[in-house]
Amino acid sequence: MRASCEETPVTLLPPVAATPGDVDSPYAWLRLVLTLLLGTVACVGTWSVIVVLPSLQTEFGTLRGGASLPFTGAMLGFAAGGILMGRLVDRLGIVVPVLIGAALICAGYVLAALTSSIWQFALLSAVIGFGSAAGFAPLISDLSHWFRKRRAVAVSFAASGSYLAGAVWPLVIEHFQSAYGWRAVHVGIGLFVPIAMVPLGLALNRKPAATSYAAAEAATEAAREELGLSARRLQGVLVVAGFACCMAMSMPQVHLVAYCGDLGYGVAVGAQIVSLMLGLGVVSRVGSGVIADRIGAGPMLLIGSAMQAVALLLYLFFDSLSSLWVIAGLFGLFQGGIVPMYAVIIRQFLPPREAGARISLVLTATVLGMACGGLAAGFIYDATQSYRLAFLHGLLWNLVNLALIGWLLVWPKWRRRNHAVRVG
């Protein structure tokens, strides 16, 4: 379904006028690049904690589960921020959430450097996560209004900022942490982020031309009728599916650095492997967007989920350094395109006037899955002194996701067949 460009609500800052021709235009692609840069900077808050996790465990004298609390705090803050800032985007445009996010990230990192307990650090990680949320779902929602023909590619690019952050920031943080310590690194991040985010956010202060929602509303209503699910039910299925896929996804992403340390390969090597995983995740996200524009977001989501399950299964059987490099690369290539597909499905089937709130709600469920999955893996490790059951735990959640997405794809055909039988 191809929706027309929707009207962006009034913003608190005077926007630059745009024309209908800006949709799918060179300006739209320039906006995509700015969005990608902004997301890469803002999403530092979701990745920095996994690099300093071993240092926090040592300094604050806690177990692996306790050291995982800051990541959970960051993800919970990211989740809450996604929902609230998604609503702000629908009402005020993208600039205001970006400025709020920059201020919160700055304050959170600087204050985190002064903490004296894991609980204080976890609380401030939640503040950082809340601010970082401005660089994910709100940006995806905003950019989706600027594309029709290549919407899946555009959304995938917008979502890639979080993975580029995961590819770049762990290497930067590990380098400076080794030289100056994690506290100095946090101060440095807190000062750098607003310097980068504010001008990038202000550069996005143009809104799409004011056009009718009628065509887009009609397209999504027709698509929902064909699917045979109400907006509320489809939203609910996507929320549960998003939570399940990221419960599975979180184990390698959150604990791989610590896992490599446990196996004797070193934290620095773990950070490099995570960077490879997330760098290839960017390739996966863009490639998935290209394919989804051809075969549809639903089939692409099912393919990505199935391949992610295969990678998780491999972790159960191989733990040599060379195999970890290979499996991490495969994991990045397999799962990178999963999350953006939820946003594309939402734009196809759900009301465009509520895109910011609805995309943020589903992507918040994925963030909560990351938070809960990372924490669960930490406690499973503490109970068993092994990550084997943690990988198995993730695989089981992946199967839940596969079942839900498979049902969504099969349900319309089954419904039409039954209807034809009854009518006949």
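The values are calculated or read from the model by the stated rules, or taken from the named source; none is laboratory data. Keep in mind that what you see is a predicted model, and the values were worked out from it rather than measured. A quick note on method: Cβ atoms are made from the backbone with ideal geometry, for glycine too, and the neighbour counts reach across all protein chains shown. All accessible areas refer to the heavy atoms of the entire protein, side chains included, with ligands and DNA or RNA removed. Shrake-Rupley method; radii C 1.70, N 1.55, O 1.52, S 1.80 Å.
Please determine, by comparing only the residues of the stretch 236-258 that are open to solvent by 20 Å² or more (accessible area, probe 1.4 Å) and in contact (Cβ under 8 Å) with a residue 60 or more places away in the chain, which one is farthest from Ala365 (Cα to Cα). Show your work before the answer.
To start, the set of residues in the stretch 236-258 that are open to solvent by 20 Å² or more (accessible area, probe 1.4 Å) comprises 236-237, 239-240, 243.
Of the ones still in play, those that are also in contact (Cβ under 8 Å) with a residue 60 or more places away in the chain are 237, 239-240, 243.
On the way: Val237: 11, Val239: 6, Val240: 7, Phe243: 5 Å.
In this case the residue turns out to be Val237.
Only residues that are among the aliphatic types (A, V, I, L, M) and at pLDDT below 90: list them for the stretch 89-145, please. Steps first, answer last, please.
Going through the stretch 89-145, the residues among the aliphatic types (A, V, I, L, M) turn out to be 89, 92, 94-96, 98-100, 102-105, 107, 110-114, 118, 122-124, 126-128, 133-134, 137, 139-140, 143.
Within the stretch 89-145, Val89, Leu92, Ile118, Ala122, Ala137, Ile140, Leu143 qualify.
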In the stretch 4-27, is there at least one residue being surrounded by 22 or more Cβ atoms within 10 Å (Cβ to Cβ), outside any helix (DSSP H, G or I), hydroxyl-bearing (Ser, Thr, Tyr) and at pLDDT below 50?
-> yes
Here the qualifying pairs (Cβ atoms under 8 Å; residues six or more apart or on different chains; first in the stretch 259-270 and charged (D, E, K, R); second in a loop (DSSP other than H, G, I, E, B)) come out as Asp262/Tyr387
Starting from the stretch 134-147, keep only residues that are farther than 9 Å from Gly82 by Cβ and in a helix (DSSP H, G or I), then list their pairs with residues that are open to solvent by less than 10 Å² (accessible area, probe 1.4 Å) and among the basic types (Lys, Arg) whose Cβ atoms are within a distance under 6 Å, requiring at least 6 positions of separation or different chains.
-> Ser144/Arg347
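Do we find that Gln348 is touching a residue at least 24 places away in the same chain (Cβ under 8 Å), open to solvent by less than 10 Å² (accessible area, probe 1.4 Å) and not in a loop (DSSP other than H, G, I, E, B) in this structure?
Values: touching a residue at least 24 places away in the same chain (Cβ under 8 Å): yes; open to solvent by less than 10 Å² (accessible area, probe 1.4 Å): no; not in a loop (DSSP other than H, G, I, E, B): yes.
So Gln348 does not fit the description; no.
The rows are residues; the columns are (1) part of a helix (DSSP H, G or I); (2) open to solvent by 10 Å² or more (accessible area, probe 1.4 Å).
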| position | (1), (2) |
| --- | --- |
| Pro70 | yes, no |
| Ala74 | yes, no |
| Leu88 | yes, yes |
| Leu99 | yes, yes |
| Ala102 | yes, no |
| Gly108 | yes, no |
| Ser116 | no, yes |
The stretch 143-166, residues that are open to solvent by 10 Å² or more (accessible area, probe 1.4 Å) and under 22 Å from Ala103 (Cα atoms) = Ser162, Leu164
Out of (1) in contact with a strand residue (DSSP E or B) (Cβ under 8 Å, 6 or more places away or on another chain); (2) open to solvent by less than 10 Å² (accessible area, probe 1.4 Å), what's the single condition that is false for Arg206?
-> (2)
Can you confirm whether the stretch 279-291 contains a residue that is part of a helix (DSSP H, G or I), closer than 26 Å to Val172 by Cβ, in contact with a helix residue (DSSP H, G or I) (Cβ under 6 Å, 6 or more places away or on another chain) and open to solvent by 40 Å² or more (accessible area, probe 1.4 Å)?
-> yes
Which one of these does Val172 not meet: (1) under 15 Å from the mean Cα position of the chain (by Cα); (2) over 25 Å from Val96 (Cα atoms)?
-> (1)
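What number of residues within the stretch 292-302 satisfy the criterion of being of a type outside the set (A, V, I, L, M, F, W, C) and either open to solvent by 40 Å² or more (accessible area, probe 1.4 Å) or closer than 15 Å to Leu256 by Cα (or both)? Steps first, please.
Here is the first cut: in the stretch 292-302, the residues of a type outside the set (A, V, I, L, M, F, W, C) are 293-294, 296, 298-299.
Next, from what is left, pick out any that are either open to solvent by 40 Å² or more (accessible area, probe 1.4 Å) or closer than 15 Å to Leu256 by Cα (or both): 294, 299.
Total meeting the criteria: 2.
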